[in-house]
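Below you'll find the structure I mean.
No lab work stands behind these numbers, since they all come straight from the coordinates. Everything quoted here is computed from the prediction, not taken from an experiment. Here Cβ is always computed from backbone atoms with ideal geometry, including for glycine, and neighbour counts include all displayed protein chains.
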């Protein structure tokens, strides 16, 4: 029973990793500090596909499966067992990989564009004395001003 839980935990971690790999760049638009983590995740994912890095989550799931008395994962690991042929046809594996790559690139391009837009707002306006004034009722950080509470 505890090993079955470890199998499920490895499965959930794999799904979370792949979800973050695919969509984490969009999360960085809102939370820019997550971008270095996303770059590392993409580098690891790309390395596992192109170079063949062994996945520690697959190794952990394989270990837990053996102890739980379950059959081993196929040689292709997690993706081959749970996704290819289940979520998308096997013949579309390369198409899915390219689409994921395009999503990552699009998220990074959008991140750069959103950063440029924000820094352009903070630059001095032509003919002005300083940075653009913040929107009415907002602080430069984007948070609203707190209003005094009536007594």
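Tell me, what is the FRET efficiency for residue 43 and residue 12 to the nearest 0.05, using R0 = 35 angstrom and their Cβ-Cβ distance as r? List each step's numbers first, then the result.
Working: r = 22 Å, r/R0 = 0.64.
My answer for the efficiency is 0.95.
Can you give me the C-alpha center-to-center distance between region 17-35 and region 72-109, rounded to a whole angstrom?
For region 17-35 versus region 72-109, the Cα centre distance is 18 Å.
Continuing with this model, one more query. Please arrange 23, 57 by how many other C-beta atoms lie within 10 Å of their C-beta, fewest to most. Numbers along the way, then the final one.
On the way: 23 14, 57 18.
Ranking 23, 57 by Cβ neighbours within 10 Å, fewest first, gives 23, 57.
If the chain between residue 3 and residue 51 were fully stretched, how many nm would it gain, using 0.36 nm times the residue separation less the Cα-Cα distance?
Additional length available on full extension: 14.3 nm.
Here is a follow-up. Let me make sure I get this right: for region 2-120, a, b and c are the square roots of the gyration tensor eigenvalues over alpha carbons, sorted descending. Under 1.5 in a/c it's rounded, otherwise prolate if a/b > b/c, else oblate. Which is it?
Details: a/c = 2.84, a/b = 1.90, b/c = 1.49.
Here region 2-120 falls in the prolate category.
Which shape class, rounded, prolate or oblate, goes with region 1-54 when its Cα gyration tensor gives a ≥ b ≥ c as root eigenvalues, a/c under 1.5 marks rounded, and past that a/b bigger than b/c marks prolate? Please list the in-between numbers first.
Values: a/c = 3.27, a/b = 1.50, b/c = 2.18.
It is oblate, given that a/c is not under 1.5 and a/b is not larger than b/c.
If a paramagnetic tag sat 7 Å from the Cα of residue 103 along the Cα-Cβ line, which residues of region 9-51 would have the backbone N under 11 Å from that point?
In region 9-51, the label zone of residue 103 (backbone N under 11 Å from the point 7 Å along Cα→Cβ) covers 18-26.
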